[in-house]
Amino acid sequence: VIVGIDIGGTRIKTAAVSRDGEILTAREVATPSSLEEMREVLRIAITGLQSNGLPVEAVGLGCKGIIHPENTEVVTLPGTLHYLEGHRLSSLVAEHLPPGCPVFADNDARAALAGESVWGAARGCKDALLLTLGTGIGGAILSDGRILRGTSGVAGHIGHLTVDPEGVDCICGNRGCLETIFSARAIESAASAAVHRGVASELTTIEAPLTCEKVFACARHGDAVAQRIVSRASMVLGAMIGGLIHVLDPEVVILSGQIAESLDILLEPLRSEAAWRSRSLLRRTVPIVKSELPHPSGVLGAAALAMR
Ligand SMILES: [Zn+2]
């Protein structure tokens, strides 16, 4: 089996995955707050899988931040997992593995694309684009069969495409990035601002916290203010996908992440916006689809790093 480990800001998920993408056993714990606790969590997870008698062939780790793909070092990782910076993820797991067992690691968006390419919506594709829609926006690009990393390991940070040169400040240091307009954080902030201005809307009746899911729920109920917030954000994301289609000419665009659960109201606006913008040059419609990996998809993506 391949061990897939998904290191997220709030949860660590581990699983034993078969070569055909079946999750044989899985576990999940809260993300620890120190390196020592992290070592212990990973030790328990890996020894637990091996005590089930499952022979471990390889380990794949998906983690937020910028991960050096050759030596698995965490190069940049702001936020709660900051303590991992400068450490090799392989060194956290190697001593619990059979000698010579290979360990692979990359950032979580590239891991998600690896998962789609081995077992999901990008199976058999040489060119694909994946976006992770959540608190922020992540991305990964499969080009001619290779997942792009770039010179500094940053390639694929689609959330930081500048949409509005004069826009609001972004956590990356730039301003007006895509994720300042379309992301859970951006949609929540637009809704809070509307409530603060005292608009007439169902949004003003919502019990705190005002989450992105609740804004989508108001839009589904027909609330005009919530609908405008969602449709403006979707138009911008759809336009960016249209632009990326011109740049990358992918076979498929895959949407994953927490917001991809709300594709009932997002998918058609995104598809039509991207399609009309790219129709003339491409002379075809690029399918925009939801991730095909079952939950927990992060561990499958991590395992797929080893499969690829
Ligand atoms: Zn940014």
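The values are calculated or read from the model by the stated rules, or taken from the named source; none is laboratory data. Quantities reported herein were computed from a predicted structural model and do not represent experimental measurements. Virtual Cβ from ideal backbone geometry, glycine too; neighbours counted across all protein chains shown. Heads up: the accessible areas ignore ligands, DNA and RNA and are worked out on the full protein's heavy atoms, side chains in. Shrake-Rupley method; radii C 1.70, N 1.55, O 1.52, S 1.80 Å.
In summary, strands (runs of 3 or more DSSP E) completely within region 38-148 and bearing 1 or more residues that are more than 25 Å from SER183 (Cβ to Cβ) occur at 58-63, 103-107. Does ALA208 count as free of Cβ contacts under 8 Å to residues at least 60 places away in the same chain and surrounded by 20 or more Cβ atoms within 10 Å (Cβ to Cβ)? No; evaluated as a whole, the condition is false for this residue. Filtered by the rule that a residue be open to solvent by 30 Å² or more (accessible area, probe 1.4 Å) and of a type outside the set (Lys, Arg), region 277-290 gives SER280, LEU281, THR285, PRO287, VAL289.
Would it be correct to say that GLU28 is among the charged types (D, E, K, R) and part of a helix (DSSP H, G or I)? No.
Residues in region 13-21 include at least one that is within 21 Å of PRO78 (Cα to Cα) and either at pLDDT 95 or above or open to solvent by 10 Å² or more (accessible area, probe 1.4 Å) (or both). Among the residues of region 190-199, just one is open to solvent by 70 Å² or more (accessible area, probe 1.4 Å) and in a helix (DSSP H, G or I), namely HIS196.
The conditions of being part of a loop (DSSP other than H, G, I, E, B), within 14 Å of the ligand (Cβ to nearest atom) and buried (at least 20 other Cβ atoms within 10 Å of the Cβ) are not met by GLY173. So, THR162, is that one within 16 Å of the ligand (Cβ to nearest atom), out of contact with any Phe, Trp or Tyr (no Cβ under 8 Å at 6 or more places or on another chain), open to solvent by 20 Å² or more (accessible area, probe 1.4 Å) and modelled with pLDDT of 95 or more or not? Judged against the criteria, THR162 is a match.
Would you point out which residue out of ILE245, ILE254, ILE241 is at pLDDT 95 or above, part of a strand (DSSP E or B) and in contact with a Leu (Cβ under 7 Å, 6 or more places away or on another chain)?
Values: ILE245 fails: part of a strand (DSSP E or B); ILE241 fails: part of a strand (DSSP E or B).
Checking each option against the conditions leaves just ILE254.
Within region 46-61, can one find any residue that is of a type outside the set (A, V, I, L, M), buried (at least 22 other Cβ atoms within 10 Å of the Cβ) and at pLDDT 95 or above? So far as region 46-61 goes, yes, one or more of its residues are of a type outside the set (A, V, I, L, M), buried (at least 22 other Cβ atoms within 10 Å of the Cβ) and at pLDDT 95 or above.
In the list GLU179, GLU202, which residue meets the criterion of being closer than 23 Å to ILE66 by Cα and crowded, with 17+ Cβ neighbours inside 10 Å? Being closer than 23 Å to ILE66 by Cα and crowded, with 17+ Cβ neighbours inside 10 Å holds for just one of GLU179, GLU202, which is GLU179.
Every residue, every condition in (1) out of contact with any Gly (no Cβ under 8 Å at 6 or more places or on another chain); (2) within 21 Å of PRO294 (Cβ to Cβ), yes or no:
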position: ARG19; (1), (2): yes, yes
position: ALA26; (1), (2): yes, yes
position: MET38; (1), (2): yes, no
position: VAL41; (1), (2): yes, no
position: THR47; (1), (2): yes, no
position: GLY60; (1), (2): no, yes
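Pairs, please: C-beta under 8 Å, at least 6 apart or cross-chain, first residue charged (D, E, K, R) and in region 46-68, second assigned to a loop (DSSP other than H, G, I, E, B)? Qualifying pairs under 8 Å: GLU57/VAL1; GLU57/CYS101; LYS64/GLY8; LYS64/GLY9; LYS64/LEU77; LYS64/GLY79; LYS64/LEU81. When LEU148 is tested against (1) open to solvent by less than 70 Å² (accessible area, probe 1.4 Å); (2) within 16 Å of the ligand (Cβ to nearest atom), only condition (2) is not met.
Does any residue in region 166-181 that is touching a residue at least 40 places away in the same chain (Cβ under 8 Å) come within less than 6 Å, Cβ to Cβ, of a residue that is in a strand (DSSP E or B) and within 7 Å of the ligand (Cβ to nearest atom) six or more places away or on a different chain, and which pairs are these? As it stands, the answer is none, since no pair meets every condition given.
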